[in-house]
1. May I ask you to list pairs of residues, at least six apart or on different chains, whose Cβ atoms are under 9 Å apart, with the first in region 174-195 being closer than 11 Å to residue 140 by Cβ and the second being small (Gly, Ala, Ser) and at pLDDT below 95?
2. In this structure, does residue 137 turn out to be surrounded by fewer than 16 Cβ atoms within 10 Å (Cβ to Cβ) and charged (D, E, K, R)?
3. Evaluate the following for residue 244: is it aromatic (Phe, Trp, Tyr) and closer than 24 Å to residue 75 by Cβ?
4. Of the numbered conditions (1) of a type in the set (D, E, K, R); (2) assigned to a loop (DSSP other than H, G, I, E, B); (3) more than 15 Å from residue 231 (Cα to Cα), residue 18 fails exactly one; give the number of that condition.
5. Identify all residues within region 95-115 that are β-branched (Val, Ile, Thr) and within 21 Å of residue 85 (Cβ to Cβ); write none if there are none.
6. Can you pull out the helices (runs of 4 or more DSSP H) entirely within region 154-250 that have at least 2 residues that are of a type outside the set (Gly, Ala, Ser) and crowded, with 16+ Cβ neighbours inside 10 Å?
7. Of the residues in region 196-221, how many are free of Cβ contacts under 8 Å to residues at least 12 places away in the same chain and among the acidic types (Asp, Glu)?
8. Has region 39-60 got any residue that is surrounded by fewer than 19 Cβ atoms within 10 Å (Cβ to Cβ), outside any loop (DSSP other than H, G, I, E, B) and without any contact (Cβ under 8 Å) to a residue 60 or more places away in the chain?
Amino acid sequence: MAYQIPANIRPILARLADVVLPIRDWINQAGKLPPNYAEFIPALTDVPWRPGNAAPSLSINDFDIIAYLEYRAKQDEPLESLAARWRQVRANPTTFFKSRTGEQAAAWRARRANLNAAARFGVFESTSANFAFYTQDAQGNPKEAISREGFYDACWSPLEGAYKASNPDANGWRNFVGGLRRDGIQAWPSTRNIRSSLFLRQLTIDVLVATLGQKNPAADAKGPLWPRAVLIEAGENRKPDNCYTIAEAATAVQHFKSLI
């Protein structure tokens, strides 16, 4: 069954995503110019979130962050079966050791120069950046690698508690996000195995990936320009799988020369 974020958490996440990346506020701020369509390759004539002379409509809602998180959890499901084996190897690195001579791991290693008889698991260390999702020890260091689904599931209960204690609808969502960022909400104590600051960091990463031209089913379904919408508004021409003809490259060179 596909992963689903609890119904009570969904509106909280939607508001958090809007504070983390306030697309609507950014695109409608005074002085924000529309993109120069002629500078894109191939050139654009218009974009669907800027209809006519109306105010631009682009917002975080166009990227459906809730559905995106569920989509990414679904993508990671095949890795879940490896978790048990991972923990076994971490506890005993030579658990699955096999030698064609039939030797046990310690004997095999002892016969080789510069190898200790006991193997050490060095893939996951406190300073490692090998894993995006992990629990934390009392000092906030990485403790145990976990799945995306396991990471977020561990955050929903303290997130709901922090939301109820902070009442951001009355006291401000920016203040709420600031409290999460600095581990400053008592209802989500730093003694939890995932701190609120780590949760917000990961959510921010996922929001950015969902909105900056990567695969996002919700944005893809709206049309080919929607996954690039934020990049287009920022004047960024590059995108995944882009390619230019010789003629397009020559046109870009001439345009560049006209500016210098």
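The values are calculated or read from the model by the stated rules, or taken from the named source; none is laboratory data. Source: prediction; values computed, not measured. Glycine gets a Cβ as well: all are built from the backbone with ideal geometry, and neighbour counts include every protein chain shown.
1. Pairs that qualify, where the first residue is closer than 11 Å to residue 140 by Cβ and the partner is small (Gly, Ala, Ser) and at pLDDT below 95, are 183/140; 183/190; 190/138; 190/140; 191/138; 195/140.
2. Against the criterion (surrounded by fewer than 16 Cβ atoms within 10 Å (Cβ to Cβ) and charged (D, E, K, R)), residue 137 qualifies.
3. Values: aromatic (Phe, Trp, Tyr): yes; closer than 24 Å to residue 75 by Cβ: no.
So residue 244 does not fit the description; no.
4. (2)
5. Hit for region 95-115 is 95, nothing else.
6. Working: elements: 168-171, 173-181, 196-211, 217-222, 229-233.
Once the helices (runs of 4 or more DSSP H) in region 154-250 are filtered for at least 2 residues that are of a type outside the set (Gly, Ala, Ser) and crowded, with 16+ Cβ neighbours inside 10 Å, what remains is 173-181, 196-211, 229-233.
7. Going through region 196-221 one residue at a time, the tally reaches 1.
8. No, because not a single residue in region 39-60 is surrounded by fewer than 19 Cβ atoms within 10 Å (Cβ to Cβ), outside any loop (DSSP other than H, G, I, E, B) and without any contact (Cβ under 8 Å) to a residue 60 or more places away in the chain.
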